[in-house]
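First comes the structure, then the notes that go with it.
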Amino acid sequence: MHFLTVLLTALLPVAIIACAHGAEEMVIVQNGKTEARILVAPDASEMENIAARDLATYIYKMTGAKPKIVRDEQEVKNSLNRKDIPLFVIGKLALSEKPALQEALNRVKKKNPVLRADAIVLRTEGNRIYLAGSNEDSHAFAVAELLRRWGCRFYMPTEFGECVPEYDRLTLGQIDYAYGSPFEIRHYWVSWLGDTTGRDEFMRLNMMNHETVPSGHALGQYTKDLAPDGDIFKIPISERRTAEHVAAKIEADFAAGKRISLGMEDGIYTSDSPKDKELMSLQWDKYFLTPSLTDAFMELYNTVADILMQEYPNSNAKIGFLAYSNMTLPPVRDIVAKEPLVAYLAPIDIDPIHGMDNPESPPRQEYRDMMYRWAKVMQGRLVIYDYDQGMLVWRDIPNPSIASIRQDIHHYRRAGILGISTESRSAFATIFINLYIRARLMWNPDEDVDRLLEEFYPAFYGPMAKPMSEYWGAIFRAWEQSIVTEHEHFIAPAIYTKDLVRLLGKKLAEAERIARTLERKPSLTRNERLYLERMRFTRLSYEVLRNYMAMVEEAATKGNYAAAVRYGEAGLNAREQLTSMSGIFTTYKRIGENGYAWWPGEVQHYRELHALTDGTKGTLVKKLPLEWAFMRDPQNVGVERRYYDCPIDLTYWREKGKQYTLKTRKDYPPDTWETARADLYLQAQGIRHPDRQSYTGYGWYRTEINLSQQETEGNIHLMFPGLFNECWLYVNGELVAHRSDYKPLWWLNDYRFEWDVDLTGKLKPGKNTIALRIHNPHHYGGMFRRPFLYRAKTADR
């Protein structure tokens, strides 16, 4: 137990603060005893009572003494007459006893809110501590602020994430503090059937709210009558008859002042309407490789709103919609959204790793400009639909997103964003403290993130803080400094390099040596038990990561699929142990993992590849080289110049190639051969456009292999076990195969991403020249698993 006096006014940046220096401290608890009382009005709301319980509970956890909660009207009156004991006065009772508190709230809360304005006030006067807010939730936020100032932190839901200091003596100096958040919506919701245990408490104690305007996929239920052949993605979007049809469907709810979703369905819309086609011609959406439908949809939404506003001008109804899929881009025309409309901007396919001001991410800078343009259209009614975890199909390894939110939050405030709504899996082995950092910045964009991280490690890990800060700091830096802008598990080798995984293992071992000393103590405090539990969590998290990355190396780099399966199974076993600790650490138990996109499906893919090489369905003939010559071909001149069999000059690469880093390789001279690895997609190797955009267009891989007579005999196949893009394969100068069925939006393909080419009769003894031409229109480019030749037992598999 520690002796600590807490002078609250020195700890956090404040909007309005006044301190009476030299004032006597108020003793709340001493030596496990307290006479303090927590007072709420007899008719207090549920949230006021929750706030009172929060205060009593955490004072007890800090000191072992629990103040009495007083609700009875006469007892409240009697208590208020006392001057000799500390009195916490909460909520509307505080506002009635001290009307000046309302004035303080009015000064700091957001002016002219669309939905609500959250603000808090904390003030000491004599023996009273007033804790109140601008609404029911904010009364609880005022209590949460006081707890924060006493050192309580809530990094994750449930007791696992609670860091509550232990004091013999708890005191309070004078406070006069008021603050209001600029964001009206500050919350996260749990998707993919994630575990919601502890979510409400976590949100409340981190000043998040449940405010929302529904915006989920809902439009189809109102437009299905207009859809030809029931195809809800093919409707006349901007035609007035569609707006009239939808307005009639939601008229009763609008008249009643309800909040309604007209969010587009989860897919890509098309239309044969002449008006839609005219509006679609205004801009091309390079992210979804289709015309943008934003102008057409804004025509629909504005017309629906206009029809209903004319009928019900006094309704305070709100209509939510998603700026998503091929209406993520802002409208081209000069449009102002009608007042009932609230948009949720959901940039699902735009770099989730970097901040808007990071020069290594042109897509994020484009998103910044899109956001400001949407903000102008929506006039203060734009909500950011925030994705965390950003890696949508992932592998239960850490996916921090602190680097992006700490930059972006300042742009959100500057743009007058209504709020932030985060979609989360609540898979804390993956997101770790992402939601905590988000919560703090949603409440106060000026929060010092470095300070939050600095105080996190000793609070969460205790004596293991130093090596654990180095452990997580290395992970955070790897993500922040990465050049990759793609999403999903294919980026993992670009982030979690062998050197990084080795460093993490070293730091974890250092921490565990300290933990073993702690384990030998005859008795442990509550916090010490939690420190050790968190170390076990971190060890299992590391085992998931270590085994996953070893699996990828064995499969993608070495082509050793038996070993890959062993590592994959070991990683999945570690994940099972992690999940058994708490359901909030992962989500796979609830959603199921069917298909090749998921980790068990990836392991199954390696089993199938192993069967092609071990004699079950085929026999390995030769692994192709790991390093190939590569030529960028943005002008599509490679066929004419015969890149498939022309002489290759790697002189410049051999002399100058090492001078190029991942960040500067974008400046490699055009029309000059270089090399590229076959176990990592092109962009992660630094192959980008000079403006740092992801390399798109044509490209050529070249290699040579020497084969014996025996190696050319039988049903010889060339397997590309991991390959993006439409491709053309040349063998010895002859075009032998075209991969024409690859879908340009990469996530629409079979997640094996393999291409099996029958080369029976195409190879010859001696030297063979293999050339692979790719066309990458979008994100990932090229090979990411090493190809191999195998002899199939039968002509088909």
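Below is a table of values for the structure above.
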quantity: Matching residues in region 681-693 - criterion: being open to solvent by less than 30 Å² (accessible area, probe 1.4 Å) and either among the charged types (D, E, K, R) or assigned to a loop (DSSP other than H, G, I, E, B) (or both); calculated: Tyr681, Gly686, Ile687, Arg688
quantity: Failed item, numbered, when Thr242 is tested on (1) part of a helix (DSSP H, G or I); (2) open to solvent by 10 Å² or more (accessible area, probe 1.4 Å); calculated: (2)
quantity: Only one of Gly699, Gly733 that is out of contact with any Gly (no Cβ under 6 Å at 6 or more places or on another chain), open to solvent by less than 40 Å² (accessible area, probe 1.4 Å), on the phi > 0 side of the Ramachandran plot and modelled with pLDDT of 95 or more; calculated: Gly733
quantity: Single unsatisfied condition, Thr223 versus (1) free of Cβ contacts under 8 Å to residues at least 60 places away in the same chain; (2) part of a loop (DSSP other than H, G, I, E, B); (3) more than 15 Å from Asn326 (Cβ to Cβ); calculated: (2)
quantity: Filter result (within 16 Å of Ala771 (Cα to Cα) and open to solvent by 20 Å² or more (accessible area, probe 1.4 Å)) within region 702-714; calculated: Glu704, Asn706
quantity: Residues that are aliphatic (A, V, I, L, M) and open to solvent by 10 Å² or more (accessible area, probe 1.4 Å), drawn from region 245-259; calculated: Ala248, Ala252, Ala255, Ala256
quantity: Flag if Arg413 is open to solvent by 30 Å² or more (accessible area, probe 1.4 Å) and either among the hydroxyl-bearing types (Ser, Thr, Tyr) or not in a helix (DSSP H, G or I) (or both); calculated: no
quantity: Every residue from region 291-320 that is open to solvent by 20 Å² or more (accessible area, probe 1.4 Å) and assigned to a strand (DSSP E or B); calculated: Pro291, Lys318
quantity: The lone exception for His778 - which of (1) loosely packed, with under 15 Cβ neighbours inside 10 Å; (2) modelled with pLDDT under 95 it fails; calculated: (1)
quantity: In region 118-154, residue nearest to the chain's Cα centre (by Cα) [restricted to those that are closer than 23 Å to Thr212 by Cα and part of a loop (DSSP other than H, G, I, E, B)]; calculated: Asp118
quantity: Complete set of residues in region 443-488 that are more than 23 Å from Met156 (Cβ to Cβ) and part of a helix (DSSP H, G or I); calculated: Gln481
quantity: Region 187-204 residues that are farther than 24 Å from Leu147 by Cβ, paired with ones that are of a type in the set (Lys, Arg) (beta carbon under 6 Å, 6 or more apart); calculated: Trp192/Arg425; Leu193/Arg590; Gly194/Arg425
quantity: Pair list, Cβ < 7 Å and 6+ apart or interchain, from region 719-747 residues that are under 24 Å from Ile348 (Cα atoms) and outside any strand (DSSP E or B) to residues that are charged (D, E, K, R) and open to solvent by 10 Å² or more (accessible area, probe 1.4 Å); calculated: Tyr742/Glu726
quantity: All positions within region 264-299 that are in contact with a Lys or Arg (Cβ under 9 Å, 6 or more places away or on another chain) and either of a type in the set (S, T, N, Q) or touching a residue at least 40 places away in the same chain (Cβ under 8 Å) (or both); calculated: Tyr269, Thr270, Ser271, Leu279, Leu282, Asp295, Ala296, Met298, Glu299
quantity: Which numbered condition Tyr269 misses (of (1) crowded, with 17+ Cβ neighbours inside 10 Å; (2) modelled with pLDDT of 95 or more; (3) in contact with a Ser or Thr (Cβ under 9 Å, 6 or more places away or on another chain)); calculated: (2)
quantity: Matching residues, region 96-117, being within 9 Å of Ser134 (Cα to Cα), open to solvent by less than 60 Å² (accessible area, probe 1.4 Å) and outside any loop (DSSP other than H, G, I, E, B); calculated: Leu105
quantity: Subset of region 586-645 [among the hydroxyl-bearing types (Ser, Thr, Tyr) and within 17 Å of Ala564 (Cβ to Cβ)]; calculated: Tyr596, Tyr606, Thr613, Thr616
quantity: Residue satisfying condition, being surrounded by fewer than 22 Cβ atoms within 10 Å (Cβ to Cβ) and among the charged types (D, E, K, R), within set Asp396, Asp408, Asp446, Asp386; calculated: Asp446
quantity: Filtered residues of region 557-595 (kept if part of a helix (DSSP H, G or I) and of a type in the set (A, V, I, L, M)); calculated: Ala562, Ala563, Ala564, Val565, Ala570, Leu572, Ala574, Leu578, Met581, Ile591
quantity: Single condition Glu73 does not satisfy, out of (1) under 17 Å from Ala94 (Cβ atoms); (2) open to solvent by less than 80 Å² (accessible area, probe 1.4 Å); calculated: (2)
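Yes/no per residue for (1) open to solvent by 10 Å² or more (accessible area, probe 1.4 Å); (2) over 20 Å from Pro458 (Cβ atoms); (3) touching a helix residue (DSSP H, G or I) at 6+ places or on another chain (Cβ under 7 Å):
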residue	(1), (2), (3)
Asp499	yes, yes, no
Arg502	yes, yes, no
Lys506	yes, yes, no
Ile514	yes, no, yes
Tyr531	yes, no, yes
Arg539	yes, no, yes
Met549	yes, yes, yes
Val552	yes, yes, yes
Ala562	yes, yes, yes
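The values are calculated or read from the model by the stated rules, or taken from the named source; none is laboratory data. For clarity, every value in this text was computed on a predicted model and none was experimentally measured. Glycine also receives a Cβ, built like all others from the backbone with ideal geometry; neighbour counts cover every protein chain displayed. Accessible surface areas use protein heavy atoms only, side chains included; no ligands, DNA or RNA. Shrake-Rupley method; radii C 1.70, N 1.55, O 1.52, S 1.80 Å.
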